[in-house]
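Please read the structure below before turning to the comments.
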(Lines give C-alpha, C1' and ligand atoms only; values in the text may rest on other atoms or scores of the structure.)
Protein backbone atom coordinates (compact mmCIF):
# COMPACT_ATOMS: atom_id res chain seq x y z
CA UNK A 1 0.00 0.00 0.00
CA UNK A 2 1.53 3.39 -0.95
CA UNK A 3 2.35 5.83 1.79
CA UNK A 4 -0.15 8.71 1.99
CA UNK A 5 1.07 12.07 0.74
CA UNK A 6 1.48 14.23 3.86
CA UNK A 7 1.65 17.56 2.00
CA UNK A 8 -2.10 18.27 1.73
CA UNK A 9 -2.73 17.52 5.41
CA UNK A 10 -1.94 20.96 6.90
CA UNK A 11 -4.04 22.71 4.24
CA UNK A 12 -6.97 20.34 4.69
CA UNK A 13 -6.65 20.56 8.47
CA UNK A 14 -6.65 24.35 8.41
CA UNK A 15 -9.65 24.45 6.07
CA UNK A 16 -11.61 22.03 8.24
CA UNK A 17 -10.78 23.96 11.40
CA UNK A 18 -11.97 27.17 9.78
CA UNK A 19 -15.22 25.50 8.72
CA UNK A 20 -15.75 24.16 12.25
CA UNK A 21 -15.14 27.63 13.73
CA UNK A 22 -17.63 29.19 11.31
CA UNK A 23 -20.19 26.52 12.05
CA UNK A 24 -19.76 27.00 15.81
CA UNK A 25 -20.07 30.78 15.42
CA UNK A 26 -23.30 30.41 13.44
CA UNK A 27 -24.79 28.14 16.08
CA UNK A 28 -23.69 30.37 18.96
CA UNK A 29 -25.06 33.58 17.43
CA UNK A 30 -28.25 31.92 16.26
CA UNK A 31 -29.02 30.55 19.71
CA UNK A 32 -28.31 33.95 21.25
CA UNK A 33 -30.73 35.62 18.84
CA UNK A 34 -33.37 32.93 19.31
CA UNK A 35 -33.25 33.42 23.07
CA UNK A 36 -33.27 37.22 22.80
CA UNK A 37 -35.88 37.70 20.05
CA UNK A 38 -37.70 34.38 19.83
CA UNK A 39 -37.21 31.60 17.33
CA UNK A 40 -39.93 32.67 14.91
CA UNK A 41 -38.94 36.36 14.98
CA UNK A 42 -35.28 35.72 14.15
CA UNK A 43 -34.42 35.62 10.46
CA UNK A 44 -31.59 33.83 8.70
CA UNK A 45 -30.44 37.22 7.40
CA UNK A 46 -30.03 38.41 10.99
CA UNK A 47 -28.05 35.31 11.95
CA UNK A 48 -25.80 35.71 8.92
CA UNK A 49 -25.21 39.39 9.70
CA UNK A 50 -24.25 38.56 13.30
CA UNK A 51 -21.58 36.14 12.06
CA UNK A 52 -20.57 38.40 9.14
CA UNK A 53 -21.38 35.85 6.47
CA UNK A 54 -23.87 35.84 3.61
CA UNK A 55 -27.26 34.12 3.99
CA UNK A 56 -26.20 31.68 1.25
CA UNK A 57 -23.16 30.73 3.35
CA UNK A 58 -25.47 29.96 6.26
CA UNK A 59 -27.09 27.24 4.14
CA UNK A 60 -23.69 25.68 3.48
CA UNK A 61 -23.65 24.77 7.18
CA UNK A 62 -27.30 24.31 8.19
CA UNK A 63 -30.31 23.41 6.01
CA UNK A 64 -32.70 25.46 8.16
CA UNK A 65 -33.11 27.45 11.37
CA UNK A 66 -34.44 24.33 13.10
CA UNK A 67 -31.26 22.42 12.32
CA UNK A 68 -29.16 25.02 14.13
CA UNK A 69 -30.88 23.99 17.36
CA UNK A 70 -31.34 20.30 16.65
CA UNK A 71 -27.77 19.64 15.52
CA UNK A 72 -25.99 17.86 18.36
CA UNK A 73 -22.33 17.13 17.76
CA UNK A 74 -22.19 15.11 20.97
CA UNK A 75 -24.29 12.21 19.65
CA UNK A 76 -21.38 10.43 17.90
CA UNK A 77 -19.13 11.13 20.91
CA UNK A 78 -21.68 9.56 23.29
CA UNK A 79 -22.18 6.57 21.00
CA UNK A 80 -18.41 6.04 20.82
CA UNK A 81 -18.17 6.23 24.62
CA UNK A 82 -21.07 3.74 24.86
CA UNK A 83 -19.19 1.27 22.67
CA UNK A 84 -16.06 1.70 24.79
CA UNK A 85 -17.73 0.80 28.10
CA UNK A 86 -16.73 -2.49 29.80
CA UNK A 87 -18.46 -5.56 28.40
CA UNK A 88 -19.93 -6.51 31.80
CA UNK A 89 -22.13 -3.41 31.81
CA UNK A 90 -25.62 -3.83 30.40
CA UNK A 91 -26.99 -1.35 27.85
CA UNK A 92 -28.54 1.00 30.43
CA UNK A 93 -25.45 1.06 32.62
CA UNK A 94 -23.19 1.50 29.59
CA UNK A 95 -25.14 4.48 28.29
CA UNK A 96 -25.39 5.96 31.77
CA UNK A 97 -21.62 5.81 32.25
CA UNK A 98 -20.99 7.05 28.71
CA UNK A 99 -23.17 10.13 29.15
CA UNK A 100 -21.68 11.00 32.53
CA UNK A 101 -18.20 10.58 31.05
CA UNK A 102 -18.95 12.85 28.09
CA UNK A 103 -20.98 15.48 29.96
CA UNK A 104 -18.44 15.70 32.78
CA UNK A 105 -15.74 16.67 30.28
CA UNK A 106 -17.64 19.40 28.45
CA UNK A 107 -16.05 22.82 28.21
CA UNK A 108 -17.95 25.82 29.65
CA UNK A 109 -18.89 26.84 26.08
CA UNK A 110 -20.26 23.37 25.36
CA UNK A 111 -22.27 23.39 28.57
CA UNK A 112 -23.66 26.81 27.71
CA UNK A 113 -24.62 25.58 24.23
CA UNK A 114 -26.41 22.54 25.66
CA UNK A 115 -28.25 24.72 28.17
CA UNK A 116 -29.37 27.16 25.46
CA UNK A 117 -30.57 24.30 23.26
CA UNK A 118 -32.46 22.80 26.18
CA UNK A 119 -34.19 26.12 26.94
CA UNK A 120 -35.25 26.51 23.31
CA UNK A 121 -36.49 22.93 22.98
CA UNK A 122 -38.50 23.32 26.18
CA UNK A 123 -40.05 26.64 25.20
CA UNK A 124 -40.59 26.52 21.42
CA UNK A 125 -43.38 24.14 20.25
CA UNK A 126 -42.09 24.19 16.66
CA UNK A 127 -38.66 23.06 17.76
CA UNK A 128 -40.06 20.40 20.05
CA UNK A 129 -42.07 18.97 17.17
CA UNK A 130 -38.99 18.91 14.94
CA UNK A 131 -37.04 17.24 17.74
CA UNK A 132 -39.67 14.49 18.00
CA UNK A 133 -39.45 13.93 14.25
CA UNK A 134 -35.71 13.34 14.69
CA UNK A 135 -36.38 10.93 17.53
CA UNK A 136 -37.12 7.84 15.41
CA UNK A 137 -33.81 8.00 13.59
CA UNK A 138 -31.89 8.15 16.86
CA UNK A 139 -33.98 5.28 18.30
CA UNK A 140 -32.88 3.08 15.40
CA UNK A 141 -29.21 4.12 15.76
CA UNK A 142 -29.16 3.32 19.46
CA UNK A 143 -31.07 0.04 18.96
CA UNK A 144 -28.38 -1.04 16.51
CA UNK A 145 -25.64 -0.20 19.02
CA UNK A 146 -27.46 -2.18 21.72
CA UNK A 147 -27.78 -5.15 19.36
CA UNK A 148 -24.05 -5.11 18.66
CA UNK A 149 -23.26 -4.81 22.35
CA UNK A 150 -25.30 -7.87 23.35
CA UNK A 151 -24.35 -9.82 20.22
CA UNK A 152 -27.87 -10.42 18.95
CA UNK A 153 -29.92 -9.25 15.96
CA UNK A 154 -31.84 -6.03 16.47
CA UNK A 155 -35.29 -6.77 17.85
CA UNK A 156 -38.53 -5.15 18.94
CA UNK A 157 -37.35 -5.36 22.56
CA UNK A 158 -34.12 -3.53 21.71
CA UNK A 159 -36.02 -0.75 19.99
CA UNK A 160 -38.26 -0.51 23.07
CA UNK A 161 -35.21 -0.20 25.30
CA UNK A 162 -33.67 2.36 22.97
CA UNK A 163 -36.87 4.42 23.05
CA UNK A 164 -36.97 4.23 26.85
CA UNK A 165 -33.35 5.35 27.14
CA UNK A 166 -33.88 8.29 24.81
CA UNK A 167 -37.17 9.12 26.52
CA UNK A 168 -35.61 9.59 29.95
CA UNK A 169 -32.75 11.55 28.38
CA UNK A 170 -35.31 13.81 26.69
CA UNK A 171 -37.05 14.29 30.04
CA UNK A 172 -33.73 15.35 31.59
CA UNK A 173 -33.13 17.78 28.72
CA UNK A 174 -36.57 19.33 29.08
CA UNK A 175 -36.13 19.60 32.85
CA UNK A 176 -32.85 21.43 32.24
CA UNK A 177 -34.62 23.74 29.79
CA UNK A 178 -37.26 24.62 32.38
CA UNK A 179 -34.57 25.32 34.97
CA UNK A 180 -31.43 26.71 33.27
CA UNK A 181 -29.55 26.62 36.59
CA UNK A 182 -29.99 22.86 36.89
CA UNK A 183 -27.00 20.56 36.50
CA UNK A 184 -27.60 18.61 33.28
CA UNK A 185 -25.03 15.95 34.26
CA UNK A 186 -26.90 15.31 37.51
CA UNK A 187 -30.29 15.33 35.79
CA UNK A 188 -29.08 12.83 33.20
CA UNK A 189 -27.70 10.54 35.88
CA UNK A 190 -30.98 10.78 37.79
CA UNK A 191 -32.95 9.92 34.65
CA UNK A 192 -30.80 6.87 33.97
CA UNK A 193 -30.99 5.77 37.60
CA UNK A 194 -34.77 6.04 37.48
CA UNK A 195 -34.85 3.85 34.37
CA UNK A 196 -32.53 1.28 35.97
CA UNK A 197 -34.90 1.18 38.96
CA UNK A 198 -37.81 0.28 36.66
CA UNK A 199 -39.38 3.78 36.46
CA UNK A 200 -41.34 3.59 39.74
CA UNK A 201 -43.71 6.56 40.19
CA UNK A 202 -42.72 6.95 43.84
CA UNK A 203 -39.05 7.29 42.92
CA UNK A 204 -37.33 10.36 44.38
CA UNK A 205 -33.77 9.99 43.04
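The values are calculated or read from the model by the stated rules, or taken from the named source; none is laboratory data. Note that this is a predicted model, so its numbers are computed, not measured. Methodologically, a virtual Cβ is constructed for each residue, glycine included, from the backbone with ideal geometry; neighbour enumeration extends over all protein chains shown.
Worth pointing out:
- Number of the exception - residue 30 against (1) under 17 Å from the mean Cα position of the chain (by Cα); (2) at pLDDT below 95: (2)
- Boolean, residue 173 is closer than 18 Å to residue 195 by Cβ and either surrounded by 19 or more Cβ atoms within 10 Å (Cβ to Cβ) or within 15 Å of the chain's Cα centre (by Cα) (or both): yes
- On the stretch given as the range 23-44, residues that are farther than 23 Å from residue 125 by Cα and buried (at least 17 other Cβ atoms within 10 Å of the Cβ) total 1.
- Whether a residue is under 13 Å from the mean Cα position of the chain (by Cα) and buried (at least 18 other Cβ atoms within 10 Å of the Cβ) was assessed, and residue 131 passes this test.
- When we screen 155, 162 for residues that are at pLDDT 90 or above and within 17 Å of the chain's Cα centre (by Cα), the only hit is 162.
- Against the criterion of being more than 21 Å from residue 107 (Cβ to Cβ), under 23 Å from the mean Cα position of the chain (by Cα) and either surrounded by 17 or more Cβ atoms within 10 Å (Cβ to Cβ) or in the same structural domain as residue 120 (by TED's automatic domain parsing) (or both), residue 47 qualifies.
- Residue in the range 111-124 that is in a helix (DSSP H, G or I) and more than 25 Å from residue 25 (Cα to Cα) present: no
- Residue list for the range 153-205, restricted to those being free of Cβ contacts under 8 Å to residues at least 12 places away in the same chain and in a helix (DSSP H, G or I): 156, 157, 160, 167, 186
- Qualifying residue in the range 93-105 (condition: touching a residue at least 40 places away in the same chain (Cβ under 8 Å) and surrounded by fewer than 13 Cβ atoms within 10 Å (Cβ to Cβ)): yes
- Just one of the listed residues (150, 168, 119, 102) is modelled with pLDDT of 90 or more and under 23 Å from residue 67 (Cβ atoms), namely 102.
- Taken residue by residue, the range 137-147 has at least one member that is within 14 Å of the chain's Cα centre (by Cα), over 27 Å from residue 200 (Cβ atoms) and part of a helix (DSSP H, G or I).
- Criterion: touching a helix residue (DSSP H, G or I) at 6+ places or on another chain (Cβ under 8 Å), closer than 18 Å to residue 73 by Cβ and outside the structural domain of residue 28 (by TED's automatic domain parsing) - qualifying residue of 107, 188: 188
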